[in-house]
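Okay, so here's the structure we're looking at.
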Amino acid sequence: MLMSDQEKYNIKKSDEDWKEELSAEEFEITRLKGTERPFSNKYWDFKDKGIYNCRCCGNPLFDSETKFDSGTGWPSFYDSIKKDAINTIMDTKFGMIRTEAVCKNCGAHLGHIFNDGPAPTGMRFCMNSASLKFEPQG
C-alpha cells in the first residue's frame, strides 16, 4: 500500500490548519513548494549566532556556524544540524533536475540542495527564509 505524502511525516495537519498557523507567504513556500525572491528575504544576509528551526514544526535544521554567503540571495548552509533532520526528494519541475529539501518531521518545503558548496561537505543547502525560524544562542 502506498503512503500519501502527509502519512510519511510525524506531524500531520490539513491545509486549513497550516493556513491558521502560517502567514500567506509561509504557507505558499512551505506547503505549496514556492520560492521567495532572492536578496529580499529575512535571513539571506543575517549573521546572528543560533539555530535555524523549521518554521512549521520547530525541528532544528541548521546551526549558524554552517551558514555562508553563497552569493545567491538566499540563506545557505554547508550542512544540516543532524543527518536525519531533512529528507530529500528529486524535483524535476521547470525542466531541471534538482534535490528538494523538506523537513523530515512535517514535510515542509525548505529549499534545494546543490553540490557546489564549500568544504568540508561541498554541499549548499539553499533555503527559503520563510521556511525557517531563527532561535538565538548564547
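Structure notes:
- Tally of residues being in contact with a helix residue (DSSP H, G or I) (Cβ under 7 Å, 6 or more places away or on another chain) and touching a residue at least 60 places away in the same chain (Cβ under 8 Å) across the range 15-34: 6
- Residue that is at pLDDT 95 or above, out of contact with any helix residue (DSSP H, G or I) (no Cβ under 9 Å at 6 or more places or on another chain) and either aromatic (Phe, Trp, Tyr) or closer than 28 Å to residue 12 by Cα (or both), where the choices are 116, 63: 63
Here's the yes/no breakdown for (1) in a loop (DSSP other than H, G, I, E, B); (2) at pLDDT 95 or above; (3) surrounded by 13 or more Cβ atoms within 10 Å (Cβ to Cβ):
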position: 48; (1), (2), (3): yes, yes, no
position: 57; (1), (2), (3): yes, yes, yes
position: 79; (1), (2), (3): yes, yes, yes
position: 83; (1), (2), (3): yes, no, no
position: 89; (1), (2), (3): no, no, yes
position: 94; (1), (2), (3): no, no, no
position: 102; (1), (2), (3): no, yes, yes
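- Applying the condition of being in contact with a strand residue (DSSP E or B) (Cβ under 7 Å, 6 or more places away or on another chain) and not basic (Lys, Arg) to the range 10-45 and asking which residue is nearest to residue 63 (Cα to Cα) yields 43.
The values are calculated or read from the model by the stated rules, or taken from the named source; none is laboratory data. Please read all numbers here as calculations on a predicted model, not as lab measurements. Neighbour counts run over all protein chains shown; Cβ positions are idealised from the backbone, glycine included.
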